[in-house]
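The block underneath contains the structure these notes are about, expressed in structure tokens.
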Amino acid sequence: MQIKKVKFRDVEKMAKLHLETLPDISSSIGLSAVTKLYKLIFNTPKIHSCFSAWEDGEFLGFVVISKNMDLTHKLFHEIFSIKNVIVLSFMIITFKVSFLRIVNRIFFEKKLTKIIGKNYCCISTICVNEKYQRKGIGKLLLIEALKDIQKLKNKRLYVYTRFDNKKALNFYNKFGFKKIGVFYSGVVFKYSL
Ligand SMILES: CC(C)(COP(=O)(O)OP(=O)(O)OC[C@H]1O[C@@H](n2cnc3c(N)ncnc32)[C@H](O)[C@@H]1OP(=O)(O)O)[C@@H](O)C(=O)NCCC(=O)NCCS
């Protein structure tokens, strides 16, 4: 198994794996919008680092580290073009996406800024192909992410996930992240480097 820096040609693989493993609001806007998000992430190397896990030519997982999560949120909001807002509205009307979930997310981000302030590092996404989960790949990706963050001056590292994402909650707990708050369906963890 190898951990490598993500190359531009891997961006669509990241987007596909994101859609397969993370049923969040971003996933509901579809592959092309999520691919666009990862292209923006890839093209901002001063803010983001991306590492991938491979075995025998197969893409098994990836991690995205944001060195400034406020800017990452801005990129995320940018992909919500009129077309995507229409798609999302349609999904809300047809009950494919919960309106409450979207409202919760908006309030969560506002409260988050109040609690942890601005200018912090974050594991913005970590995904492992379901077939290969629980084999230590997430751990290897996390170790690579932590090594990368160690090099920075800004060492305030947080991560958040939904309260019902059991795998992620256990994962962060297991690897030393400390829960610092739960609000609007989100759980916030801090990691002391
Ligand atoms: C979270 C995730 C990246 C972990 O990857 P992984 O390769 O399975 O992680 P590891 O094998 O290194 O670590 C396993 C630990 O994570 C936790 N964990 C992983 N899958 C779990 C599951 N299905 N149920 C409970 N705990 C789980 C456990 O603490 C586990 O340790 P254990 O096997 O000793 O009990 C993976 O589950 C995933 O891709 N989830 C979907 C995407 C996601 O929710 N990402 C996080 C938010 S961005």
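Annotations
- Matching residues in region 112-146 - criterion: being more than 11 Å from the ligand (Cβ to nearest atom) and over 18 Å from the mean Cα position of the chain (by Cα): K114, I115, G117
- Scan of region 147-193 for residues that are more than 25 Å from K114 (Cα to Cα), more than 11 Å from the ligand (Cβ to nearest atom) and surrounded by 15 or more Cβ atoms within 10 Å (Cβ to Cβ), ordered by number: D148
Residue-wise test of (1) at pLDDT below 90; (2) assigned to a helix (DSSP H, G or I).
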| site | (1), (2) |
| --- | --- |
| I102 | yes, yes |
| I106 | yes, yes |
| K111 | no, yes |
| K114 | no, yes |
| K118 | yes, no |
| C122 | no, no |
| C127 | no, no |
| K135 | no, no |
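- Among (1) of a type in the set (F, W, Y); (2) farther than 24 Å from K13 by Cα; (3) modelled with pLDDT of 95 or more, the one test that F171 misses: (2)
- Just one of the listed residues (K96, K74, K83, K39) is part of a helix (DSSP H, G or I) and modelled with pLDDT under 85, and it is K83.
The values are calculated or read from the model by the stated rules, or taken from the named source; none is laboratory data. Computed from a predicted model, the values in this text were never measured in an experiment. Neighbour counts are summed over all protein chains in view; Cβ atoms, including those assigned to glycine, are modelled from backbone coordinates with ideal geometry.
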